[in-house]
Amino acid sequence: DTEVTQTPKHLVMGMTNKKSLKCEQHMGHRAMYWYKQKAKKPPELMFVYSYEKLSINESVPSRFSPECPNSSLLNLHLHALQPEDSALYLCASSRYHDRPPSYEQYFGPGTRLTVT
Amino acid sequence: KNQVEQSPQSLIILEGKNCTLQCNYTVSPFSNLRWYKQDTGRGPVSLTIMTFSENTKSNGRYTATLDADTKQSSLHITASQLSDSASYICVVSPSGGYQKVTFGTGTKLQVIP
């Protein structure tokens, strides 16, 4: 299995709703990421989990709450979002190459989120 | 500040023609550079990954080059196909801080019949 899966593919939610995005990988990667991508812009890093612990939070508003239940799963809990939070949310995981030494991120297909 | 600049921003070419996309970076210290293909509304898919000791790497019709001295990379697409229409993103990783990478703004390629 060499892929990162994300569910749902599309999500429409109101500003008072609570929803969750899910990400899963079975490649044994120990780092997992959440990115937000607006149209025609590069992805923006939100969170990084390393060995199931939150290692980077890029000053993301608290209405986004990440969770890493185990080494294969990554969730992003959403609550009281704003219309400007509408975007493509990408999950990624990374592995380490020995020869040459480097890291490579594998991206999921993304969840298209619309906040109404 | 780490930056990755890509050119051109957009490009339209005829099916069957070749094209070259450029990437200049200021990320230091450098670990690796990757080219991704991203279809609209989809996640990026890795095409190549290169470290400072590698000058060129191919993946089918895609050939990437890297000049670590001038901090430039290029992606050459040979015999373009309609399915090559996508955004191509250059991503540079620093050494030591593998978790934070710098994304280029991308080149949007459109291949027309």
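Where a number appears in this text, it was derived from the coordinates with a stated rule and is not lab data. Keep in mind the model is a prediction, meaning the values are calculated, not measured. Glycine also receives a Cβ, built like all others from the backbone with ideal geometry; neighbour counts cover every protein chain displayed.
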Which whole-number percent is the relative contact order of chain B (Cα, under 8 Å, 6+ apart)?
38
Tell me, what are the semi-axes, in whole angstrom and largest first, of the equivalent ellipsoid of region B:59-113 as set by the roots of 5 times the Cα gyration tensor eigenvalues?
25, 14, 9
Give the long-range amide H neighbours of A:His26: residues separated by 5 or more places, or on another chain, with amide H under 5 Å away, using H modelled in the peptide plane at 1.01 Å from N.
A:Glu3
Please give the charge dipole size of chain B, origin at the Cα centre, charges +1 on K and R Cβ atoms and -1 on D and E Cβ atoms. Round to the nearest 20 debye.
200
Placing +1 on each Lys and Arg Cβ and -1 on each Asp and Glu Cβ in chain A, then taking the dipole about the Cα centre, the residue among A:Pro109, A:His79, A:His26 whose Cα reaches farthest towards the positive end is A:His79
Write down the radius of gyration of the protein assembly as shown and its Dmax, each obtained from C-alpha positions, in Å.
17.7, 52
For region A:21-101, state what percent of all Cα-Cα pairs lands in each successive 10 Å bin, counting from 0 Å until the bin that includes the largest distance.
18, 50, 27, 6, 1
What is the fewest-to-most order of A:Val60, B:Val27 by other Cβ atoms lying within 10 Å of their Cβ?
A:Val60, B:Val27
With no solvent term and unit scatterers on the alpha-carbon positions of region A:15-56, Debye gives log₁₀ I(q)/I(0) at q = 0.22 Å⁻¹ of -0.91
Within a 10 angstrom radius of the beta carbon, how do B:Asp69, B:Asp39 rank from fewest other beta carbons to most?
B:Asp69, B:Asp39
Per the Cauchy relation, a quarter of the hull surface: what is the mean projected area of the convex hull of the alpha carbons in chain B, in nm²?
6.7
Relative contact order of chain A (C-alpha contacts under 8 Å, at least 6 apart) in percent is 36
Considering the protein assembly as shown, which cysteines have no disulfide-compatible partner, defined as another cysteine with its Cβ under 4.7 Å away?
A:Cys68, B:Cys19
Suppose every K and R has +1 on its Cβ and every D and E has -1 on its Cβ; what is the size of the dipole of region A:21-115 about the Cα centre, in Debye to the nearest 20?
180
Partner shielding of B:49-57, as the mean number of partner chain Cβ atoms within 10 Å, equals 2
Amide H to amide H, which residues 5 or more places from B:Asn32 or on other chains are under 5 Å from it, using H placed in the peptide plane?
B:Ser93
Number of partner chain Cβ atoms within 10 Å, mean per residue of B:101-113
2
Per-residue average of Cβ from other chains inside 10 Å of B:27-37:
2
Please work out the C-alpha center-to-center distance from region A:1-69 to region B:6-31 and express it in whole Å.
28
